[in-house]
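Worksheet for the structure shown next.
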Amino acid sequence: MTHQTPIHAVEYRGYLAWDAPTRWFHWINVAAVLGLIATGLVVLNDDALGLSAAGKILLKSLHVLFGYVMGANLLWRFIWAFYGNRYARWRAFMPGGPGYLASLRAYAASFLSGEPQQFVGHNPLARIGVTLLLLLLFVQLATGLVIAGTDLFWPPFGHWFAQWVAAPGVDSALVQPGAVDMIDKASYEAMRALRGPFVEVHEVAFYALAILIAFHLAAVVFTELYEGGGITSAMFTGRKILTRKPPDEP
């Protein structure tokens, strides 16, 4: 007589992780950042590509428009972090707070054991990555708005830069990029000197952001394969399907 080893069925349970506003933020941010990267790379290599002065202004204008979209979207996300569901709130995706270090150690131990914990929201390690991404996006936004003011005289700082560089007797509202006859040369050079550090920070943060995005994508793929839970599909449906009891279960 043979004895069969009982097979324990895996129990799947669905959880609502990401509410609709959080998912909309994510995909709008993806589209805006892709647009910023594409136009930013062309702007960085405009001379090598042989772009005309008008072409450079057009590309910078598109770049800034993508930046405005990203900025408005970030502002919305910061507001929603006070009103969204429990997994959209600050305490759910920012590292720190009571018990965070203990949860980080527990997650690391479970990961090394070969049976990583599954979370409805962000796991403790992912919370660090999300925070770094948001910080870099904020740095890009802040420096980018200054550069938009110096290069295109666009809001929110363009009015002041235009007043600074306008030639005597010229209405600052009429100052346009490339209009050398409307600009006081000495004031313009001083303004460009102020602009320099912002450009350097913007470019360094751009490459840092590109690297961090690559790590983010790799982490998503790795987590999907190793930890499970349907984290990719959850950004479309809002729901995660887990096989183990999550520490952050509602």
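Please specify each residue of region 44-71 satisfying the condition of being open to solvent by less than 40 Å² (accessible area, probe 1.4 Å) and within 24 Å of I211 (Cα to Cα).
D46, L59, V64, G67, M70, G71, listed by residue number.
Determine, yes or no, whether R86 is touching a Pro at 6+ places or on another chain (Cβ under 8 Å) and either free of Cβ contacts under 8 Å to residues at least 12 places away in the same chain or among the charged types (D, E, K, R) (or both).
Judged against the criteria, R86 is a match.
When only residues in region 220-244 that are in contact (Cβ under 8 Å) with a residue 40 or more places away in the chain and exposed (fewer than 14 other Cβ atoms within 10 Å of the Cβ) count, which is nearest to Y15 (Cα to Cα)?
The selected residue is T243.
Quick one: which of V130, V139, V120 is outside any helix (DSSP H, G or I) and either open to solvent by less than 80 Å² (accessible area, probe 1.4 Å) or in contact (Cβ under 8 Å) with a residue 40 or more places away in the chain (or both)?
V120
Condition check: farther than 30 Å from G14 by Cβ and either over 21 Å from the mean Cα position of the chain (by Cα) or surrounded by 16 or more Cβ atoms within 10 Å (Cβ to Cβ) (or both). Does G114 satisfy that?
no
I'd like the full set of residues that are in a loop (DSSP other than H, G, I, E, B) and within 18 Å of the chain's Cα centre (by Cα), limited to region 88-111.
If the condition is that a residue be in a loop (DSSP other than H, G, I, E, B) and within 18 Å of the chain's Cα centre (by Cα), then A88, R89, M94, P95 are the ones that fit.
Report the residue count in region 72-110 for those that are open to solvent by 60 Å² or more (accessible area, probe 1.4 Å) and under 24 Å from Y12 (Cβ atoms).
Going through region 72-110 one residue at a time, the tally reaches 1.
Of everything in region 157-175 that's in a loop (DSSP other than H, G, I, E, B) and open to solvent by less than 100 Å² (accessible area, probe 1.4 Å), which residue is modelled with the highest pLDDT?
F157
The values are calculated or read from the model by the stated rules, or taken from the named source; none is laboratory data. A quick note: this is a predicted structure, and the numbers were derived from the prediction, not measured. Every residue, glycine among them, receives a Cβ derived from its backbone with ideal geometry; neighbour counts consider all protein chains shown. Only protein heavy atoms, including side chains, enter the accessible area calculation; ligands, DNA and RNA are left aside. Shrake-Rupley method; radii C 1.70, N 1.55, O 1.52, S 1.80 Å.
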